[in-house]
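This report refers to the structure that appears directly beneath it.
FYI, it's all coordinate maths here, none of it is from the lab. None of these values were measured; they are calculated from a predicted model. All Cβ positions, glycine included, derive from the backbone under ideal geometry; neighbour counts span all protein chains shown.
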There are 2 protein chains.
Amino acid sequence: MKSIKLKSRPEGKPTLSNFEFVEEDKTLTISDGEILLEAAYVSVDPYLRGRMSDAKSYVEPFKLNEPVHSGVVAKVLESKNEKFQIGDYVSGMLNWSTQQVSNGEGLNKVDPEKAPLSTYLGVLGMTGLTAYLGLTEIGKPKKDETIVVSGAAGAVGSVVGQIAKILGLRVIGIAGTDEKIEMLKSKFGFDEGINYNTTKDMKSAIAEAAPNGVDVYFDNVGGPISDAVLFSINQFARIIICGAISVYNETELPTSLSVQPFLVKNSALMQGFIVSNYAEKFPEAIQKLAGWLAEEKLTYTETIVDGFDNIPQAFIDLFEGKNKGKMIVKI
Amino acid sequence: MKSIKLKSRPEGKPTLSNFEFVEEDKTLTISDGEILLEAAYVSVDPYLRGRMSDAKSYVEPFKLNEPVHSGVVAKVLESKNEKFQIGDYVSGMLNWSTQQVSNGEGLNKVDPEKAPLSTYLGVLGMTGLTAYLGLTEIGKPKKDETIVVSGAAGAVGSVVGQIAKILGLRVIGIAGTDEKIEMLKSKFGFDEGINYNTTKDMKSAIAEAAPNGVDVYFDNVGGPISDAVLFSINQFARIIICGAISVYNETELPTSLSVQPFLVKNSALMQGFIVSNYAEKFPEAIQKLAGWLAEEKLTYTETIVDGFDNIPQAFIDLFEGKNKGKMIVKI
């Protein structure tokens, strides 16, 4: 049985030395009400970087010398809990361990017949819920409006763009390679794509791609890209702050263009979005997402890395933009 | 008949040379449906600075070589409009002119018997509406929550703080002199006041004044003061961006701490507020304000400057914080 623990808190960009691999030669036993789980797929996500710091945040930071945890799909190996049978698959927040014991709380059964198991970490999991609920609850998109999505080729961004297309918006994606831009347009149906690594004047590029201005900005990145979008926002624009991957690794508090004058000039709204605050809307959202997936209106990209030992590297690679879509480790 | 025109657009801080005094020796005549008005009180407000620039904004910039306009209370000298009688007082957006002709559109009759005429530019006018509607519509304050108000001794800020007290909040005001801080506490009933000019560590001072964190931040100033407040915001905090007097005169786009990480960590909301978007709520709001005023739950401070010729200087003085409460010029 193997686990990956947080050995030290990253300073700046996380490195392999922040993690410790622990191998134990023991047999896990379960008590009444518990189940024994074997990890099948592990999700690595940018937000985990925040939990590795001990700064005040919306969730408790990870404890040092304990296993990191994230979204995991696991198989039930043994069960003394009537809700779960041997062979069932479940998804939930679980440890980075090959095997673990759970009382079943917070776990949902998932059906490998209905959709590939990995999608329950992605488009039918937190990723899809974040995209759908962030967009609809804060973004309140209306047909024919224009949306800009940053981190557009990432797991959440690519789903946001597709949902926005389904809802009838003009969709502009920002990503970091020409290959990703091509994928946004050909695979996900974005109207326009902007490569921030090759575009000199982001402000003009956004203005050009959004001739009617920007009504909704789904922000996964923060930093200078988000500064550039501000110049194009319309009256009553809604800005969803879903993540700030560009600054997660900063050791100093980042500065940027003051947003306040833009917000007051445009009566615009900017709101932080954390999917767990919208739990009561999950069933309805999952139904929507599963429906669009079945109708093939929604597609997804995964970057699947093989092997438990590669979890930390896969996580680190997120900050280099090495993933396309959802980054998942197959155990 | 005298008028004050915008001669040139201010670069940075406005100066007297941006304005032109024009004296015309002519008698104004009115046609059917029109009224002849004589200015009684003129409101000068920080937001006018924005209209003097030709940057894209929520309102048209002032035209060069035409009279500036702002909130004015005026007396009807002649009338060919059945809605107005000679001797009536009206309030509305009018020119900086001693006399002018109007068709009555957008003007409201005000009653000098019910409240002093100047209050129709202040606590019973745009100032009070901005305070009440900004606080309630975006701030959604709840009893026992904590609010921070910047520009607290200003026209809007002092009303915001008092309404927040009426609604049962803990109220912390930020202002720039000890005299203003004293006034916040003794006259307006604020619980705490912080003098940003004498406080070295604003971040700690705010944390200390708000031991339970900040739920609502009514922001009139922007800049470093607003940066400091971010460190104390609570989960689901609401930040009303009502003004940014600290940056109105900047010639470069201002930078500050990136707000995005704070918003996402705290699922917090930041929204630009412009009172004119809430016109349908004005009657209800005025009724509330007039009620509190009559019950003496609400009081106000005015800085009244005498003489038409002093309008530009009174406006310029706003940016030095020379006013306490609403700055009004009596003609």
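Using only the alpha-carbon atoms, what does chain B span along each of its principal axes? Please give whole angstrom values in decreasing order.
62, 44, 34
Which one of A:Pro312, A:Pro61, A:Pro141 has the biggest mean-square fluctuation once chain A is modelled by GNM with Cα springs under 10 Å?
Comparing A:Pro312, A:Pro61, A:Pro141 in the GNM, the peak value goes to A:Pro61.
What GluC sites (Glu not before Pro) in region A:108-207 are in a loop by DSSP, with at most 16 other Cβ atoms within 10 Å of the Cβ? Walk me through the numbers on the way to the answer.
On the way: sites: A:Glu113, A:Glu137, A:Glu145, A:Glu179, A:Glu182, A:Glu192; in loops: A:Glu113, A:Glu145.
Sites meeting the loop and neighbour criteria: A:Glu113.
List every residue whose amide H lies under 5 Å from the amide H of B:Ile233, counting only residues 5 or more places away in sequence or on a different chain, with H placed 1.01 Å from N in the peptide plane.
Those qualifying (amide H under 5 Å, at least 5 residues apart or on another chain) are B:Val214.
Just to confirm the filter: which trypsin sites (Lys or Arg not before Pro) across region A:275-319 are DSSP coil and have at most 15 other Cβ within 10 angstrom of their Cβ?
A:Lys297
I want to make sure I understand the PRE zone here: with the label point 7 angstrom from the Cα of B:Glu20 toward its beta carbon, which residues in region B:64-83 have backbone N atoms less than 11 Å away?
In region B:64-83, the label zone of B:Glu20 (backbone N under 11 Å from the point 7 Å along Cα→Cβ) covers B:64-67.
Each label point is 7 Å from the Cα along the Cα-to-Cβ direction; what then is the distance between the points at B:Asp306 and A:Ser186, in nm?
Here the modelled spin labels are 7.9 nm apart.
Between A:Leu253 and A:Thr29, what FRET efficiency comes out of the Förster formula 1/(1 + (r/R0)^6) with R0 = 56 Å and r the beta carbon distance, rounded to 0.05?
On the way: r = 47 Å, r/R0 = 0.84.
After rounding, the FRET efficiency stands at 0.75.
Greater than 22 Å separation of Cα atoms is the criterion. Which listed pairs, B:Lys203/B:Lys265; B:Lys165/B:Lys265; B:Lys80/B:Lys109; B:Lys200/B:Lys297; A:Lys203/B:Lys7; A:Lys142/A:Lys324, meet it? Intermediate values should be presented prior to the final figure.
Values: B:Lys203/B:Lys265 18 Å; B:Lys165/B:Lys265 28 Å; B:Lys80/B:Lys109 16 Å; B:Lys200/B:Lys297 34 Å; A:Lys203/B:Lys7 32 Å; A:Lys142/A:Lys324 28 Å.
Listed pairs above 22 Å: B:Lys165/B:Lys265; B:Lys200/B:Lys297; A:Lys203/B:Lys7; A:Lys142/A:Lys324.
Mind giving me the FRET efficiency for A:Asp317 and B:Lys109? R0 is 51 Å, r the Cβ-Cβ distance, nearest 0.05 is fine. Spell out each step's value before the answer.
Details: r = 69 Å, r/R0 = 1.35.
The computed FRET efficiency comes out at 0.15.
Determine the calculated [θ] at 222 nm for chain A from helices alone, applying -39500 (n - 2.57) to every DSSP H run no shorter than 4 residues and normalising by the residue count; nearest 500 deg cm²/dmol. Intermediate results must be reported in sequence, preceding the final value.
On the way: 9 runs with 78 residues, N = 331.
Value at 222 nm, helices only: -6500 deg cm²/dmol.
Relative to the Cα centre, what is the charge dipole magnitude of chain A, using +1 at the beta carbon of each Lys and Arg, -1 at the beta carbon of each Asp and Glu, and rounding to the nearest 20 debye?
Magnitude of the dipole: close to 660 debye.
Got a sec? Charge dipole of chain B, +1 on Cβ for Lys and Arg, -1 for Asp and Glu; which of B:Gly154, B:Phe188, B:Ala164 is way out at the positive end?
Sorting the options by dipole projection puts first B:Ala164.
Just going by the charge dipole of the protein assembly as shown, with Lys and Arg at +1 and Asp and Glu at -1 on Cβ, which of B:Ala314, A:Val22, B:Gln85 is farthest out on the positive end?
Of the options given, the answer is B:Gln85.
Roughly how crowded by other chains is peptide A:269-277, in terms of the mean Cβ count from those chains within 10 Å of each of its Cβ atoms?
6
Given N residues in region B:1-120, what is its alpha carbon radius of gyration divided by 2.2 N^0.38 Å?
Values: Rg = 15.2 Å, N = 120, 2.2 N^0.38 = 13.6 Å.
Computed over Cα atoms of region B:1-120, the ratio equals 1.12.
If eta is 1.306 mPa s and T is 10 °C, what Stokes-Einstein diffusion coefficient results for region B:126-276, Kirkwood Rh from Cα pairs, in µm²/s? Walk me through the numbers on the way to the answer.
Numbers: Rh = 15.0 Å.
Translational D for this selection: 106 µm²/s.
Using DSSP to define loop residues, name the GluC sites (Glu not before Pro) in region B:207-312 whose beta-carbon has at most 14 other beta-carbon atoms within 10 Å. Present the calculation step by step, with values, prior to reporting the outcome.
Values: sites: B:Glu208, B:Glu250, B:Glu252, B:Glu280, B:Glu284, B:Glu295, B:Glu296, B:Glu302; in loops: B:Glu250, B:Glu252, B:Glu295, B:Glu296.
Passing sites in region B:207-312 are B:Glu252, B:Glu295, B:Glu296.
Can you give the average number of partner chain beta-carbon atoms within 10 Å of each beta-carbon in peptide B:214-223, as a whole number? The partial results should precede the final answer.
Values: counts 0, 0, 0, 0, 0, 3, 0, 1, 6, 2.
The shielding value for this peptide is 1.
To make sure I understand, if each residue's beta carbon is the centre and we count other beta carbons within 10 Å, what order do A:Ser118, B:Ser97 fall in, fewest to most? Walk me through the intermediate numbers first.
Details: A:Ser118 22, B:Ser97 26.
In increasing order of surrounding Cβ atoms, one gets A:Ser118, B:Ser97.
Note the per residue figure in Å³ for the convex hull of the C-alpha positions in the protein assembly as shown.
Values: hull volume 114.2 nm³, N = 662.
So the per-residue hull volume is 172 Å³.
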